[in-house]
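Asks: One structure is given below, represented as structure tokens, and several questions about it will come after.
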Amino acid sequence: MKKILDLISEELKNAFEAAGYDGDLGRAVPSNRPDLCEYQCNGAMAGAKRYRKAPMEIAGEAAEKLQESKVFSQAVVAAPGFLNLKIREEFLTEYLREMSGDEKFGLEMPAAPRKVVIDYGGANIAKPLHVGHIRPALIGESIKRILRYCGHEVIGDVHLGDWGLQMGLIITELKERHPEWVYFDESYEGEYPTEAPFTISQLEEIYPTASAKSKADPEYKARAMEDTYKLQSGVRGHRALWNHIRNVSISDLKVNYDNLNTEFDLWNGESDVHDLIPGMVADMKEKGYAYESEGALVVDVKEETDTKEVPPCMILKSDGASLYNTTDLATILDRMNTIHPDEIIYVTDKRQELYFEQVFRCARKTGLTTPETKLTWLGHGTMNGKDGKPFKTREGGVMRLENLIRETTEEMYRKITENQALSGEEAQETARLIAVSALKYGDLSNQASKDYVFDIERFTSFEGDTGPYILYTIVRIKSILNKYQERGGAPENARLRDAASASEKDLMMELAKFNEMMENACAEIAPHKVCAYIYDLANAFNSFYHETRILAEEDEEKKAGWIALLVLTCRLLETSIGVLGFAAPERM
Ligand code: ARG
């Protein structure tokens, strides 16, 4: 379906052409005087220069051609040459009817769907997820859903940090504590136990201990590096132990991500591309891109147009060890070979901007990607506390993600059991759903690149620009629809009617913008646009609701028209929160 704005502009274009002017003058924009009109056209002002004619005159002639319009109920000239436009109710109704009957509410599917990999989440093995991991998870998950909804093929990959020194550290510490374990017996040739010899809580304690020891004790650090090397070169016991670490961690990560409705198609890690590195490096050397500089192997990535210095991309350290860069580059190679994506999108902290610039340039220069492959980096800001610094626990420590979710859920539970009739298990589940909406909406409603302040009071409020407000609106609509049904009505058969009031028309106009909004959110990988839309939509609905006694209406057709409007509003709100990655309860 065409976007309503395009239909409006088409009508204007025809009017300008019929009046003898260039059609490009006829373009509609949302009105900046909503008290006077719904859309406006500024083309006569541009036409004035082109045709050496007063804008008022041009606008007047175009307006004349619009008097019989099926799109506009009003097209009037306003000084110094604006066209003030109002949409015809019948046209709007027809548009919404068509939308209602379309599976994607009028959103057109791409002629050539793109294959996109999204690298998001950024979790590391054996380290708990903390508040710093919330943004890449929420933003990445939403982008994945938006792109999918818009018809693209999207593969989400968590790209686990599972291979570096942190792994060696854990193994060193385990050996320190349990030297008798069969994993450390290098002469052992049998099978290793299938059960992990530790739990996730033990692992989470081991890593910081080992990390602290290695900082204080060079000899310990040397052992950790040795163990890292052994692991990477395939020593059986080390690999077996590492597999346990990986499995125990992944199960735990899945539980946590699941609580945020975040699911990855691929649980690949840095380790998965280990074997690709030697070939990739040899190729870069052979083609003359990689050269030695102060012992290390680097690729120059600066460009003539650079205004700031872009240092070379380091491929191997002087001791021959690979780096974070190296695995990211090898991962690009792997994705190109196995997935053949049109685009790879990375969602990481915005402090990694220069890093990704180097990696992307290096990938393009050395031919890891094709010239058509789009590499996109979306840097997100920080979630701050009220003091404007990165969010901390009350004690000043790093807050674990599960605690943040728990505290938000408890706050929500307190709120909904305080003044509502919900209790027991339903209250628990409802509190969980609303808490997720509070966290997600509080995050996603900000432009990703900006920092924001985590304000539990505000995020969990049922009023204002919040997730709970959106859910509350959905639940309100569902409750009206349920009552209508209980009294014998059939919402699915209800037929839309022309708007009879200003608030009803406003609501209809908001609904009609859905396809345009979704297309923009996808093109700009911008979940905050979906949030802004549903906030406007919820407000438009609530204004209409407060002015209209829907169920008490005696004219059944009129009532049914409103019910149809509610059904569409509810479907659009639910679809939108679906792409944001949260869901509404049945009641609250
Ligand atoms: N695991 C990394 C970290 O904790 C983030 C990974 C980001 N993604 C990437 N492809 N480099 O910092």
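The values are calculated or read from the model by the stated rules, or taken from the named source; none is laboratory data. Note that the structure is predicted; figures quoted are calculated from it, not measured. Because the Cβ atoms are built from the backbone with ideal geometry, glycine has one as well, and the counts that use them run over all protein chains shown. These accessible areas exclude ligands, DNA and RNA; they are computed on the full protein's heavy atoms, side chains included. Shrake-Rupley method; radii C 1.70, N 1.55, O 1.52, S 1.80 Å.
Asks: Relative contact order for the chain using alpha-carbon pairs under 8 Å, separation at least 6, rounded to a whole percent?
Replies: It comes to 14 percent, rounded to a whole number.
Asks: Taking 0.36 nm per residue of sequence separation and subtracting the Cα-Cα distance, how much length would be gained by fully extending the chain between VAL182 and SER479, in nm to one decimal?
Replies: That pair, VAL182 and SER479, stretches by 100.8 nm at full extension.
Asks: In addition: If I model a spin label as a point 7 Å beyond the Cα along the Cα-Cβ vector, how far apart are those points for ARG88 and ASP536 in nm?
Replies: Taking the simple label geometry, ARG88 and ASP536 are separated by 2.4 nm.
Asks: Relative to the compact-globule scaling 2.2 N^0.38 Å, provide the ratio for the alpha-carbon radius of gyration of region 29-161.
Replies: Against the compact-globule rule of thumb, the ratio is 1.71.
Asks: Name the shape class, rounded, prolate or oblate, that the alpha-carbon gyration tensor gives for region 394-515, where a ≥ b ≥ c are the square roots of its eigenvalues, rounded holds for a/c under 1.5, and otherwise prolate holds if a/b is larger than b/c and oblate otherwise.
Replies: Here region 394-515 falls in the oblate category.
Asks: Ok, one more. Run the numbers for GLU10 and THR194: contour at 0.36 nm per residue of separation, minus the present Cα-Cα distance, in nm.
Replies: Here the segment from GLU10 to THR194 would lengthen by 59.5 nm.
Asks: Could you tell me the relative contact order of region 414-523? Use alpha-carbon pairs under 8 Å, at least six residues apart, and round to a whole percent.
Replies: Reported relative contact order: 15 percent.
Asks: Per DSSP H run of at least 4 residues, take -39500 (n - 2.57); add these up for the chain, divide by its residues and hand me the 222 nm value, nearest 500 deg cm²/dmol.
Replies: After summing the helix terms and dividing by residue count, I get -17000 deg cm²/dmol.
Asks: Sort SER543, SER445 by accessible area with a 1.4 Å probe, largest first.
Replies: SER543, SER445
Asks: Now for a separate question. Among rounded, prolate and oblate, which fits region 220-311 when a ≥ b ≥ c are the square roots of the eigenvalues of its C-alpha gyration tensor, a/c under 1.5 means rounded, and a/b larger than b/c means prolate?
Replies: It comes out oblate by the Cα gyration axes.
Asks: Find which of CYS41, GLY442, THR348 sits farthest along the positive direction of the dipole of the chain, computed with +1 on the beta-carbon of Lys and Arg, -1 on that of Asp and Glu, about the Cα centre.
Replies: Highest projection toward the positive end goes to CYS41.
Asks: Peptides 125-136, 546-557, 283-294: what's the order by average Cβ count within 10 Å, highest mean first?
Replies: The most tightly packed comes first, giving 125-136, 283-294, 546-557.
Asks: Please work out whether region 179-257 counts as rounded, prolate or oblate from its C-alpha gyration tensor, where a ≥ b ≥ c are the square roots of the eigenvalues and a/c under 1.5 means rounded, while otherwise a/b larger than b/c means prolate and anything else oblate?
Replies: oblate
Asks: OK, next. Between ARG148 and GLU205, what is the FRET efficiency for a Förster distance of 30 Å, r being their Cβ-Cβ separation, to the nearest 0.05?
Replies: Once the sixth-power term is evaluated, E becomes 0.20.
Asks: How far is the Cα center of region 488-564 from the Cα center of region 11-55, in Å?
Replies: Each part's Cα centre sits 29 Å from the other's.
Asks: A further question on this structure: Report, to the nearest 10°, how far helix 502-512 tilts away from the longest principal axis of the Cα atoms in the chain, using its own Cα long axis and a range of 0 to 90°.
Replies: Taking the Cα atoms of the chain, the angle to 502-512 is about 50 degrees.
Asks: Could you tell me which Cys residues in the chain have no other cysteine's Cβ under 4.7 Å from their own Cβ, answering none if every one has a partner?
Replies: Cys with no partner Cβ under 4.7 Å: CYS37, CYS41, CYS531, CYS570.
Asks: Next question, about the same structure. Share of antiparallel DSSP beta bridges in region 314-382, in percent to the nearest 5?
Replies: Antiparallel bridges make up about 10 percent of those DSSP assigns within region 314-382.
Asks: Which of the lysines could a cross-linker bridge to LYS285, judged by Cα under 17 Å and excluding same-chain residues fewer than eight apart?
Replies: Of all the lysines, those that pass the test against LYS285 - Cα under 17 Å, at least 8 places apart if same chain - are LYS317, LYS365.
Asks: Name the residue from PRO136, GLY26, CYS313 whose Cα lies farthest towards the positive end of the charge dipole of the chain, charges +1 on Cβ of Lys and Arg and -1 on Cβ of Asp and Glu.
Replies: Final value for the positive-end residue is GLY26.
Asks: Which cross-chain or sequence-distant (5 or more) residues have an amide H under 5 Å from the amide H of SER293, H modelled 1.01 Å from N in plane?
Replies: VAL298
Asks: In nm, to one decimal, how far is the modelled label at HIS546 from the one at SER251, with both set 7 Å along Cα→Cβ?
Replies: Going from the HIS546 label point to the SER251 one covers 5.2 nm.
Asks: What does DSSP give for the chain in terms of the percent of beta bridges that are antiparallel, rounded to the nearest 5?
Replies: Roughly 50 percent of the DSSP beta bridges within the chain come out antiparallel.
Asks: While we're here: So, R0 is 35 Å and r is the distance between the beta-carbons of ALA111 and GLU263; what FRET efficiency does that work out to, to 0.05?
Replies: For R0 = 35 Å, the calculated efficiency reads 0.75.
Asks: So if we plug the beta-carbon distance of ALA490 and ARG394 into 1/(1 + (r/R0)^6) with R0 = 56 Å, what FRET efficiency do we get, rounded to 0.05?
Replies: So the FRET efficiency works out to roughly 0.60.
Asks: Can you tell me the dipole magnitude for region 253-359 around its Cα centre, using point charges on the Cβ only (Lys, Arg +1; Asp, Glu -1), in Debye to the nearest 20?
Replies: 160 debye
Asks: Run the dipole for region 1-155 about the Cα centre, Lys and Arg Cβ at +1, Asp and Glu Cβ at -1, nothing else charged, and hand back the magnitude in debye, nearest 20.
Replies: The calculated dipole for region 1-155 is roughly 740 debye.
Asks: Same structure, new question: What percent do you get for the relative contact order of region 58-141 when only Cα pairs under 8 Å and 6+ apart count?
Replies: In percent, rounded to a whole number, it is 16.
Asks: I would also like to ask the following. What's the percent breakdown of Cα-Cα distances in the chain across 10 Å bins, shortest bin first?
Replies: Final binned percentages: 3, 14, 20, 21, 18, 12, 7, 4, 1, 0.
Asks: Oh, and also: Nearest-5 percent of antiparallel DSSP beta bridges in region 307-441?
Replies: Beta bridges within region 307-441, antiparallel portion: roughly 20 percent.
Asks: Over the chain, with every protein chain in place, what whole percent of the accessible area is carbon and sulfur at 1.4 Å, could you tell me?
Replies: That fraction is 48 percent.
Asks: Let me spell out the model: positive unit charges on the Cβ of Lys and Arg, negative unit charges on the Cβ of Asp and Glu, origin at the Cα centre of the chain. What dipole size does that give, in debye rounded to 20?
Replies: 1020 debye
Asks: Working with all protein chains in place, sort VAL255, VAL273 by solvent-accessible area computed with a 1.4 Å probe, largest first.
Replies: In descending accessible area the options line up as VAL255, VAL273.
Asks: Now a separate question. What distance in nm separates the simple spin-label points at GLU429 and TYR229, each placed 7 Å from Cα in the Cβ direction?
Replies: 5.6 nm
Asks: While we're looking at this one, here's another question. Identify, among MET508, ALA490, ALA560, the residue whose Cα sits farthest towards the positive end of the charge dipole of region 470-563, taking +1 on the Cβ of Lys and Arg and -1 on the Cβ of Asp and Glu, with the dipole about the Cα centre.
Replies: Toward the positive end, the furthest listed residue is ALA490.
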